[in-house]
Amino acid sequence: MLSRNSYSSFIGAGYSLRELAFAFVRLKIVSWIWTHLKYSLRRRGKRVCIDYTVDIAGPRFVEVGNDSWVQRYSWLTVPLIGMRSIEERAYLSIGERVQIGRNCFIGASNRVEIADDVLLGPYVTIVDHTHHYSDREVPVKEQGITQEGFVKIGAGTWIGAGAMVLGHRGLTIGENAVVAAHAVLTKDLPAHCVAVGNPARIMERTK
C-alpha cells in the first residue's frame, strides 16, 4: 500500500517525484474510481488498492480487508457458471495488508481464505477446485468443476513467483510459511516451514 511513509521510502530509494505522482494518480485516483464503479465487492476495507487492470469475476462473493493491494493484471474469480450451487457468502476472502503481485490468478469455487500480511509474488496461482473428468463420453470442459476443496493461507506467509497452490482436495498453509518460486503445493504446509519443488516438499523451518 502506498502510504505517506511509503512515498518517503521511495524518494529515499531514488524514485523521482514524477514517478511518485504517476503512481499516485494511477492507484489513488484512476484505479479507485474505476474499480469502485465496476465492482461491488461483498466487503471492501479501508485504503484498499485494486489496480484498474485487475479482473474480478463474481465480485459480490469476494471480500478484501483493510490496506490490501492487488497489483496489475491479476484475476480473482468465483467461477459461478461452472458451480452446481451458489450460497450467499464470501468464497474468496483476502485479509488485511495482503499484497498480491502482478498477474496472479486466484479461483474459489468453495473457499479460499488468505489471512493478514500474506505476500504473493507475481504469476502465483491459487485454486480450490479442478474439473471433473470421470465421464469418458463427455468433454472435460463440459463436466463441471469440483466444489469440495479449500485453501487456507496463514498470516505472514510468502508465496514466491510462479508458485501454484492446488487445493481441490483441501489444503492449509500455516503462519509465516514460505512456498518457494515455481513450487507446486498440493498438501498441507505447517507453520514456519519452507516448501520447494514440484511436487513441493518441506526443506527447512524458517527462523
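All of the numbers you see were taken from the coordinates with simple rules; none came from a lab. Because the structure is predicted, anything quoted here is derived from the model rather than measured. Virtual Cβ from ideal backbone geometry, glycine too; neighbours counted across all protein chains shown.
Segment 53-123 and segment 127-185 have their alpha-carbon centroids 13 Å apart.
Rounded to the nearest 20, the Cβ-based charge dipole of segment 39-205 about its Cα centre (Lys and Arg +1, Asp and Glu -1) stands at 180 debye. Given a Förster distance of 45 Å, report the FRET efficiency between Y133 and K28 from their Cβ-Cβ distance, rounded to the nearest 0.05. About 0.50, to the nearest 0.05. Spin-label pair L119-A57: with each label point 7 Å from Cα along the Cα-Cβ axis, the two points sit 3.0 nm from one another. Among F24, F150, a tally of other beta-carbon atoms within 10 Å of each Cβ gives an order, fewest to most, of F24, F150. Note on the chain: GNM, Cα springs under 10 Å; of H168, H129, H36, the largest mean-square fluctuation is that of H36.
Among 100-108, 82-90, sorting by the average number of other beta carbon atoms lying within 10 angstrom of each residue, highest first, gives 100-108, 82-90.
Normalising by the residue count of the chain, find the relative contact order in percent from Cα pairs under 8 Å and 6+ residues apart. Spell out each step's value before the answer.
On the way: 574 pairs, mean separation 24.2, N = 207.
Averaging sequence separation for qualifying contacts and normalising by length gives 12 percent for the chain.
With each label modelled as a point 7 angstrom along the Cα→C-beta vector, the L20-R72 pair spans 2.1 nm.
Using only alpha-carbon positions, what ratio does the radius of gyration of the chain give when scaled by 2.2 N^0.38 Å? Spell out each step's value before the answer.
Values: Rg = 17.8 Å, N = 207, 2.2 N^0.38 = 16.7 Å.
Rounded to two decimals, the normalised Rg is 1.07.
Toward the positive end of the charge dipole of the chain, with +1 on the Cβ of Lys and Arg and -1 on the Cβ of Asp and Glu, the farthest Cα among T186, F22, A108 is that of F22. If you filter segment 123-180 for GluC sites (Glu not before Pro), then keep DSSP loop positions with at most 13 other Cβ within 10 Å, what is left? For GluC sites (Glu not before Pro) across segment 123-180 that sit outside H, G, I, E and B with at most 13 neighbouring Cβ atoms in 10 Å, the list reads E137, E148. Each of T77, T172 was scored by other Cβ atoms within 10 Å of its Cβ. Listed from fewest to most, they are T172, T77.
Pick from A183, A23, A115: which residue has the top mean-square fluctuation in a GNM of the chain where Cα pairs under 10 Å get a spring? Fluctuation is largest for A23.
For the chain, build the charge dipole from Cβ charges (+1 Lys, Arg; -1 Asp, Glu) around the Cα centre, then report which of I202, V118, L171 sits farthest towards its positive end. Going by the charge dipole, the pick is V118.
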